[in-house]
Amino acid sequence: MPAAPAPTVPRFRSGAGRICLDFMRTLRLRGADGATEELDTPGALAAWVAQLGPYPDGTAIPAPAPDELRRARAVREAVHALLTAARSSAGPAGCPPGERELLNRAAAAAPPVPVLAADGTVAWSAADPVGALLADIARDALSLATSPALDRVRACSGPHCAAWFLDTSRPGNRRWCSMETCGNQAKKQTWRTRHASPAGG
């Protein structure tokens, strides 16, 4: 009997609680020596949109032009600049003018639109799936930066992560972006440290 195929593992991380925070995660370990660009090709951007966007499974997402990839990265960095300023004493007004203008332009584009099918289900569509999702991301960032939810944005305590996420736990003391990844790794490391054999034992 042939072995069952291994489950498909999503290429990109999700679950930050806001689409703008998930998009920020595509630059891993931002500012560190080991920073990794996940949106390294137009095809990678299309794959991210297909995985995390609202479009139905199987929707063909055309790879954008290289200049659209550059714009998407610029929007991502503008999101980071806005939320960094918003979380500081400067508040949202501290967002640099160039980044603010870029986010406003992106947010002004048409977002994905809901379409009600005959069977009563709703699907999302857009003539430009990538540009529409960037509009959603920019709008989400503007909303988050100016809402009380900003106080619940945390940086993961994982030493090899630091991704931002929205803490929706009741006590508001969540430390990990995901218990299945960073939280589990931290627990394993704590267990190993506690049960390590004494030197020379």
**OP:** Give the residue that is surrounded by the fewest Cβ atoms within 10 Å (Cβ to Cβ), with candidates limited to residues of the stretch 125-166 that are in a loop (DSSP other than H, G, I, E, B) and free of Cβ contacts under 8 Å to residues at least 40 places away in the same chain.
**Re:** ALA127
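Being of a type outside the set (Asp, Glu), touching a residue at least 12 places away in the same chain (Cβ under 8 Å) and open to solvent by less than 30 Å² (accessible area, probe 1.4 Å) is the requirement here; does ALA63 meet it?
For ALA63, the condition - of a type outside the set (Asp, Glu), touching a residue at least 12 places away in the same chain (Cβ under 8 Å) and open to solvent by less than 30 Å² (accessible area, probe 1.4 Å) - is not met.
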**OP:** Would you check which residues across the stretch 41-56 are open to solvent by less than 40 Å² (accessible area, probe 1.4 Å) and assigned to a loop (DSSP other than H, G, I, E, B) and list them?
**Re:** GLY53, TYR55
Original post:
Filtering the stretch 66-75 down to residues that are open to solvent by less than 40 Å² (accessible area, probe 1.4 Å) and in contact (Cβ under 8 Å) with a residue 60 or more places away in the chain, which residue is farthest from the chain's Cα centre (by Cα)?
Top reply: GLU68
Subject >> Number of positions in the stretch 167-180 that are without any contact (Cβ under 8 Å) to a residue 40 or more places away in the chain and of a type in the set (Ser, Thr, Tyr) >> reply: 1
Subject >> Matching residues in the stretch 1-18 - criterion: being among the hydroxyl-bearing types (Ser, Thr, Tyr) and either modelled with pLDDT under 55 or open to solvent by 90 Å² or more (accessible area, probe 1.4 Å) (or both) >> reply: THR8
**OP:** Only residues that are within 19 Å of PRO66 (Cα to Cα), open to solvent by 30 Å² or more (accessible area, probe 1.4 Å) and either not in a strand (DSSP E or B) or not hydroxyl-bearing (Ser, Thr, Tyr) (or both): list them for the stretch 19-40, please.
**Re:** LEU27, GLU37, ASP40
**OP:** State which residue pairs qualify: first residue more than 15 Å from ARG154 (Cα to Cα) and inside the stretch 18-33, second residue part of a loop (DSSP other than H, G, I, E, B) in any location, beta carbons under 6 Å apart, and separation of 6 or more residues or different chains.
**Re:** THR26/GLU38; THR26/LEU39
**OP:** Kindly check whether there is at least one residue in the stretch 78-90 that is surrounded by fewer than 16 Cβ atoms within 10 Å (Cβ to Cβ), over 19 Å from the mean Cα position of the chain (by Cα) and not hydroxyl-bearing (Ser, Thr, Tyr).
**Re:** yes
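The values are calculated or read from the model by the stated rules, or taken from the named source; none is laboratory data. Source: prediction; values computed, not measured. Note that we place each Cβ from the backbone using ideal geometry, even for glycine, and neighbour counts take in every protein chain shown. Calculation scope for accessible area: heavy atoms of the full protein, side chains included, ligands and nucleic acids excluded. Shrake-Rupley method; radii C 1.70, N 1.55, O 1.52, S 1.80 Å.
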